[in-house]
Structure formats: C-alpha cells, structure tokens
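The block underneath contains the structure these notes are about, expressed in structure tokens.
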Amino acid sequence: MCIEFFLGNIREPIVVISAVPISVMATFLMMFGFGLTINTMSLGGLAIGVGMVVDSATVVLESVASKKKTISDPIQASIEGTKEVFGSILGSTITSIVVFLPILFVEGIAAEIFGEFALTISFSLISSLFTSATLVPVLTQYDFFSKEIGTFPKIIEIRREKILSTIRNSFASIAVFFIRRKTFAVYVGLGAVLVAGLFFIVIPKEMLTEIDQGEFYIDIVSPEGSNLNYTKKVVDTITKKLTQDKTVEIAFSRIGYEEKDIILNPKGDFGLNRASIFVKLSGKNKAEKFLIGFSRELPEIEKNFHSKIGTRMAGSVLGGIFGSGGGGISVEISGQDLNLIRKIASEVENELVSTNETISVSSSAREETPQLKVELDREKMAYFDLSVEDIATTLKTSIKGGYRHKI
C-alpha cells in the first residue's frame, strides 16, 4: 500500500513485489551453499536485505518509466533506464556489504551468532542487485505494466496528489534555503556530526540490552563463623517478607555449600555464613521496580543479624553468554605477603563500592575465620567407645548440617 500510494497505481508495485520472492529464493540458495541454517539471526538479516530489494527495484522502475517518455522503443528504454542507475545501485550495495562484513572477523561465540546475520544480509543484498538489474526491466515489458489499470478513484487521487505536492514543495523549500546559505549548511552539518559524537559518548554502551525478566537474587553474608542455623534465620526472615508480597511467585534459597562446589569452582568464596535467595515475580512485574521498595527493608535486617545483604539482577541467557546482563567480574590478587594482599584487596573493594557501576562487591581476602581448637580426652573416648571420626562427624553435622540419607 505504501508503494502504491507514492507511485499512484497498482501496476508498478506488482513489479516490485514480484522481485521480492525471486531475491529471497536466491538468498536461500546461497545460504544452502555456505551451509547456513534458517534461524532467528539469519531471518533478521534476510528481512533487512528484502528492504533493499524494494528500494533497488523502485529506483530501476522509476528510471525505466522516465526513459519511456523520451524513447519510443520499450526494450531500449528499459536498457537505458537500468544502465543509468545501475552504478548507483551497485555502489549502494557494496557500501552496505562492507558495513556488515567486519562482523565476520569478530572472535568467539559472537562470531558464531552474528556471522550468519552478516552473511545473510550480504547474500540478500547481492540478490537484490541482480534481481533489480535483470528481472525488473524484463517485467516492465509485460502487458500488465503497459495498460492503464489499478489507478486510484478520482477523489482519492486528488487527495494523494495534494499530499505529495505538499511534501515536494516542503522539500524544495528546505533545499533552496540551504543552497542559498552554503556556509550555514556546512555549519549545520558539522554541528550535527558534533552532536552525534557527543551522544555516542553519553549513551551507555553494552553488548546486549539487559532484559528485566522479573527475576533477581538476594545474597546474604552473615558474620564470620556463623553456623548453618544462624544463616538460616537470616534467610527465613527475608523469605517471610518476600512471601508477604503478592507479586512474588517463587522464592527459594540455598544456604552454605556442598563439596562439589569447591571442586567445580576452587577459587569460589564459600562458607556456612553465605546464602542466596532466588526470586521470581509473577506476570509482567519488573524486578528493578520491586527492588526499589524492598531494598528499604534490608538495612533493618542487616542491623539485627549483623549481616551483609545485597541484590543482583538475574541475567538473561544471551546476557550470560556474552558477559552482560547482570554478570559479575572478578579481580584476582596474588603474592607472597598475605597481609599486603589483604590490604590491596581492601583498597580495591572500597574503590569498587564507591563507584555507581557496581551493585554488590565482596572480597575473599577477609580476616581469618574464628576458630576453636578441640582437644579430645582419650580416656573418655575409650569409655564411651567413640572414635575420632565419630566426634568429627558429629561436630561437622552440628555446625554445617548434613544429609539424613545419602542417595
């Protein structure tokens, strides 16, 4: 309908529309040759390329129609009209391809995903070039293009011409204004470039936009040496406040750690004084908006239990893959002097906390955990028939907890 409105009839849009499926099929053929699959990224690239098909076909069509007014031979008019704009279309196509091709040189998983996007756009642009230069001139020779069919009713045609006339006159007035003031036009252009550069600096930059899926984590760090029961009290207090809100759909917690966590992540910061709560909100409720109100209740809990409580957004799947969307960073400090390491770690932690870019900062180089040395009475052990392993297991269970049954 948009093409029909500006061209004034149905005949010419038919030619443009006919070029689209041919170009798409040619793109699929090249995708098959390069082993690409049809997925979200490749279809996105194809959609962008199809827009170029319409642009190129319309340019060729208008050029041929213009030549037919001065050249009586339709075939010669099609040839001359195509030749006149082919250079411009070729330059435009090559420029667009050059813009997208550098994506192929990106390394890592980004290249695997966006590489298909760039290739599909390039294939569709090449297809649009050849379709516009070959198929469109041929279609202009058929009867449905030559006959006066598909024009608008007189009332609509009058209004259409009035709208187009207004657009043309407005554009002409603006063009004349700047042509007569060349110096001013140059300053306006330079100013636009400057403003664009300033916006580029000011606008936040990220690999992918963080998606608020209504999910977030609450991280709890109770005092050093806290046992499982103490940390559980902190978790239960927070969970109780969460469940009182009707927008909370799911809230489950994890307290302490398991042996497999140490094996999978030896550098991780584990302890019985650590816990996390995963929260999912119902419907389309946003986590960021929810946390603005809920965060006001956390300082009181921190004060009552002498604990540190922080919140962080749950990153999306793609955000996790590309290192964005709520993901964390780690700073590793190594050396021989433990006291110096703790001093440097404290300075780095304070620096990160003082910035506005971090949500939760923690350090594993804290002071040593309070310890108790247990000396066993061998005579009483023998009297009660207890082994060192029995006592160690009992102490471990009372402090850390354990499994009633292992499966």
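Every read-out reported here was derived from the displayed coordinates using simple, explicitly stated rules and does not represent laboratory data. On a predicted model such as this, the values are computed, not experimentally measured, just so you know. Because the Cβ atoms are built from the backbone with ideal geometry, glycine has one as well, and the counts that use them run over all protein chains shown.
Table for the structure above
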read-out	value
Residues whose placed amide H lies under 5 Å from that of residue 211, excluding near-sequence neighbours	316
Hypothetical label at residue 308: residues of the range 332-351 whose amide nitrogen lies under 15 Å (7 Å Cα-Cβ projection)	342-351
Stretch gain in nm, segment residue 187-residue 155, where the contour uses 0.36 nm per residue and the Cα spacing is subtracted	7.1 nm
Gain on full stretching of the segment that runs from residue 389 to residue 332 - 0.36 nm per residue minus C-alpha separation	16.9 nm
Cβ-Cβ FRET estimate between residue 285 and residue 355, R0 fixed at 30 Å, reported to 0.05	0.55
Distance (nanometres) between label positions extended 7 Å along Cα→Cβ at residue 202 and residue 180	3.3 nm
Difference of contour (0.36 nm per residue) and Cα-Cα distance, residue 134 to residue 296	51.6 nm
Point-to-point label distance, residue 79-residue 347, nm (Cα→Cβ direction, 7 Å offset)	8.0 nm
Burial ordering of 28, 171, fewest other beta-carbon atoms within 10 Å first	171, 28
Electrostatic dipole magnitude of the range 199-257 [Cβ: Lys, Arg +1; Asp, Glu -1; Cα centre; debye, to 20]	300 debye
Per-pair calculated FRET efficiency, R0 = 41 Å: residue 396 and residue 43 via Cβ, rounded to 0.05	0.15
Computed E for residue 379/residue 230 - FRET, C-beta separation, R0 22 angstrom, nearest 0.05	0.05
